[in-house]
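Colleague: One structure is given below, represented as structure tokens, and several questions about it will come after.
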Amino acid sequence: STPAAITSGIASGARRGLLIKGGAALEAIGSVKTVAFDKTGTLTQNKPQVTDVIHLQGTPEEALRLAAAVEAGSQHPLAKAIVEKAVEKAAEHTSKQPPPEATEARALSGKGVSARIDGVLHLVASPKHASTLTDLSAQQPQITALEQQGKTVVVLLRDTTPLALIAIRDEARSDAKAAIAELKNLGVQAVMLTGDNQRTGKAIAGNLGLEVQAELLPEDKLRIIRGLKDQGGIAMVGDGINDAPALAEATVGIAMGGGTDVALETADAALLRSQTRDVPALIQLSRRTMGNIR
Ligand code: ADP
Ligand code: MG
């Protein structure tokens, strides 16, 4: 039998867009020691924009056209930003040139995308992956500087020749910094988990005031969550779309935004208003409710 306080706690959460799956979930949320955030879409807006195109050969417009052709079939947020920028540039230049045709496009998970253009293999990839194919030491200072600004850099390669560096920024959510500070006040540790590179991750996390673990593959995220779970409970906050395994693995899985059925299936709670500050609000609601029962 559910105590009346739990029912009323869940109802009062629901009125503010905090959907909680049940009494057990409500109780667990208040006692987690750590909250882990997926970076994209939870601490950032998930509206990545191309900020810099540094062409090493040809023109920036041409580099963008090639990169967009390689990325055309990719669903990755970085791919969408590149395609969007190429379309915007083409409109500005009222270019009548059709986009180059790419074939045999392949996603290299966590690394980039490759495709063939005019029979030549092209690649848009992380500097880390591109460095395994070509020498980027001449470009490293520029890459480092862009990453220290919190931007993600990808490299366009034609065969093994670097053609351009493209920097992409996803702005932090406006309330993310306040949310992290509130978690600290509640005595809860906050950490950001990301597949992005160390420097970009550190720059963003540093601004928001939380710890970061970067360059993680999906299986690394699961390993970290398991470890933190054993140390007294962890809430994992993600968008619920591509991080369902991490949400399921955590003591408490919290899905931000959308509020899809799929998200609530794996998650223990969903934040319908998509505000980072609803994470500490959820913890406070749990603690108040459980305090009323004890
Ligand atoms: P996360 O979702 O945690 O930010 P991903 O595993 O999706 O990280 O990607 C990690 C890195 O791999 C990206 O930061 C980027 O450097 C590279 N990458 C992945 N997919 C693409 C893509 N479609 N185009 C360019 N780079 C990509
Ligand atoms: Mg991803």
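Colleague: On a C-alpha basis, how far is the centre of the range 176-218 from the centre of the range 127-158 in Å? Whole number, if you could?
Modeller: 23 Å
Colleague: With a cut-off of 11 Å, note down the residues of the range 213-230 whose backbone N falls inside the zone around a label point 7 Å from the Cα of residue 21 toward its beta carbon.
Modeller: Zone members listed by number: none at all.
Colleague: Can you give the net charge of the other residues whose Cβ lies under 13 Å from the Cβ of residue 278, counting K and R as +1 and D and E as -1?
Modeller: With Lys, Arg at +1 and Asp, Glu at -1, the neighbours total +3.
Colleague: Follow-up question, since we're still on this one. Give the order of 120, 237 when sorted by the count of other beta carbons within 10 angstrom, beginning with the fewest.
Modeller: 120, 237
Colleague: Let me ask something additional. Which of 43, 20, 153 sits closest to the plus end of the dipole of the chain, meaning its Cα is farthest towards the positive end, when Lys and Arg get +1 and Asp and Glu get -1 on the C-beta?
Modeller: 20
Colleague: Given the rule -39500 (n - 2.57) for each run of at least 4 DSSP H residues, summed and divided by the residues of the chain, what is its mean residue ellipticity at 222 nm, to the nearest 500 deg cm²/dmol?
Modeller: When only DSSP H runs of four or more count, the value is -12000 deg cm²/dmol.
Colleague: Next question. Given the chain, what percent of its DSSP beta bridges are antiparallel, to the nearest 5?
Modeller: Counting only bridges with both partners in the chain, antiparallel ones make up about 65 percent.
Colleague: Sticking with this one: Who wins for biggest fluctuation among 59, 194, 44 in a Gaussian network model of the chain, springs between alpha carbons below 10 Å?
Modeller: The residue that fluctuates most here is 59.
Colleague: Grab the other residues whose beta carbon is less than 9 angstrom from that of residue 152, score K and R as +1, D and E as -1, and report the net.
Modeller: Summing Lys and Arg as +1 and Asp and Glu as -1 gives -1.
Colleague: Right, something else. Using the Cα centre of the range 100-167 as the reference point, and only Cβ charges (+1 on K/R, -1 on D/E), how large is the resulting charge dipole? Debye, rounded to the nearest 20.
Modeller: For this selection, approximately 200 debye.
Colleague: What is the sum of charges around residue 37, taking Lys and Arg as +1, Asp and Glu as -1, for the other residues whose C-beta is under 14 Å from the C-beta of residue 37?
Modeller: -3
Colleague: In debye, nearest 20, what is the charge dipole magnitude of the range 179-294 about its Cα centre with +1 on Lys and Arg Cβ and -1 on Asp and Glu Cβ, if you could check?
Modeller: 540 debye
Colleague: Additional query: If each residue's Cβ is checked for other Cβ atoms within 10 Å, how do 277, 116 rank with the fewest at the top?
Modeller: Listing 277, 116 from fewest to most nearby Cβ atoms yields 116, 277.
Rule-based calculations on the coordinates, nothing more; no lab input. Predicted, not measured: the structure shown is a model, and the values here were computed from it. For neighbour counting, all protein chains shown are included, and Cβ atoms are generated from backbone atoms with ideal geometry for every residue, glycine included.
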